[in-house]
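Here the structure comes first, spelled out in structure tokens, and everything after it is commentary.
The values are calculated or read from the model by the stated rules, or taken from the named source; none is laboratory data. Fair warning: this is a prediction, and the values are worked out from it, not measured in the lab. Cβ coordinates were reconstructed from backbone atoms using ideal geometry, including for glycine residues, and neighbour counts include every protein chain displayed.
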Amino acid sequence: MEIPEAILEKFECFDWRNAMLLLQGAHADEWCDLIEVLSNFQLAHTALAAKGKNKTETAKLLDSALYQRGWEERAFDTKIIVDDVESPSPTHSVDCFKNRVAVEVEWNNKDPFFDRDLNNFRLLYDLRVIDLGIIITRTTALQEWLLNNHIELDRGKGTYGKSTTHSEKLFPKILGGGAGGCPVAVFSIKPEAYVDDR
């Protein structure tokens, strides 16, 4: 399994149930998209300092780079039918979807969003809609860096609170079976990705 050095310099990579091998082998085109997006990604100061509404500038940068390569936000209409009786089985929409690969970008949400994402991956995998799920988040080292630099970033300390999404919050949920049998790859942004573009 080859992960380019340009990605390893900026991301901590985590592989659950051979997601990386599956991605590189069965989904080579989607892997190439990710290599290009993640290799070119920079954690720009201006994006960090921008006031976000529903979605931060950092998350938009990642999403939009994938959208430009044919990925799309996707909702699924799922239901269970038993003896002609339909029961809705709703799933949450996926941030980026292409050819049975689902990507969620969790830059700065509350950590229960990880539970939602993993459960969604589990359901969609069991329904044979996806082959694997990917989460892009931040490392706990970056979380600490943001806490220590919140004044320079002109953000309140609570913006990057301890209950927000970062790798230390995610890994126990994956290891505890949150995604069921679904393979999951995680790319967590490291402090080394930061660029002062002021």
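Given the structure, is R116 surrounded by 14 or more Cβ atoms within 10 Å (Cβ to Cβ) and touching a Cys at 6+ places or on another chain (Cβ under 6 Å)? Criteria not met by R116. With respect to (1) modelled with pLDDT of 95 or more; (2) basic (K, R); (3) over 20 Å from D117 (Cβ atoms), the lone exception for R17 is condition (3). Quick check on the stretch 74-92. Is at least one of its residues touching a strand residue (DSSP E or B) at 6+ places or on another chain (Cβ under 8 Å), surrounded by 22 or more Cβ atoms within 10 Å (Cβ to Cβ) and either assigned to a strand (DSSP E or B) or at pLDDT below 95 (or both)? For the stretch 74-92, residues touching a strand residue (DSSP E or B) at 6+ places or on another chain (Cβ under 8 Å), surrounded by 22 or more Cβ atoms within 10 Å (Cβ to Cβ) and either assigned to a strand (DSSP E or B) or at pLDDT below 95 (or both): absent. Here V94, V103, V184 are screened, and the one residue that is touching a Cys at 6+ places or on another chain (Cβ under 6 Å) and either touching a residue at least 12 places away in the same chain (Cβ under 8 Å) or among the charged types (D, E, K, R) (or both) is V103. Cβ separations smaller than 7 Å between residues 6+ apart or across chains give the following pairs from the stretch 74-89 residues that are without any contact (Cβ under 8 Å) to a residue 40 or more places away in the chain to residues that are in a strand (DSSP E or B) and small (G, A, S): K79/S87; I80/S87.
Applying the condition of being crowded, with 21+ Cβ neighbours inside 10 Å and either touching a His at 6+ places or on another chain (Cβ under 6 Å) or not aliphatic (A, V, I, L, M) (or both) to the stretch 170-198 and asking which residue is farthest from R138 (Cα to Cα) yields C182. Restricting L123, L132, L153 to residues that are buried (at least 18 other Cβ atoms within 10 Å of the Cβ) and in contact with a helix residue (DSSP H, G or I) (Cβ under 9 Å, 6 or more places away or on another chain) narrows the list to L132.
In the condition set (1) under 20 Å from A49 (Cα atoms); (2) assigned to a loop (DSSP other than H, G, I, E, B), V129 is compliant with all but (1). Look at the stretch 36-51: where a residue is closer than 18 Å to L146 by Cα and free of Cβ contacts under 8 Å to residues at least 24 places away in the same chain and a partner is in a loop (DSSP other than H, G, I, E, B) and of a type in the set (V, I, T), sitting 6+ places away or on another chain with Cβ atoms under 9 Å, you get A47/T56; A50/T56.
Please determine, by comparing only the residues of the stretch 158-169 that are among the β-branched types (V, I, T) and buried (at least 19 other Cβ atoms within 10 Å of the Cβ), which one is nearest to L147 (Cα to Cα). Among those residues, the one meeting the criterion is T164. When E106, E73 are checked against the criterion of being acidic (D, E) and within 18 Å of E30 (Cβ to Cβ), a single residue qualifies: E73.
Restricting the stretch 27-63 to residues that are among the small types (G, A, S) and surrounded by 13 or more Cβ atoms within 10 Å (Cβ to Cβ) leaves a set whose member that is farthest from Y194 (Cα to Cα) is G52.
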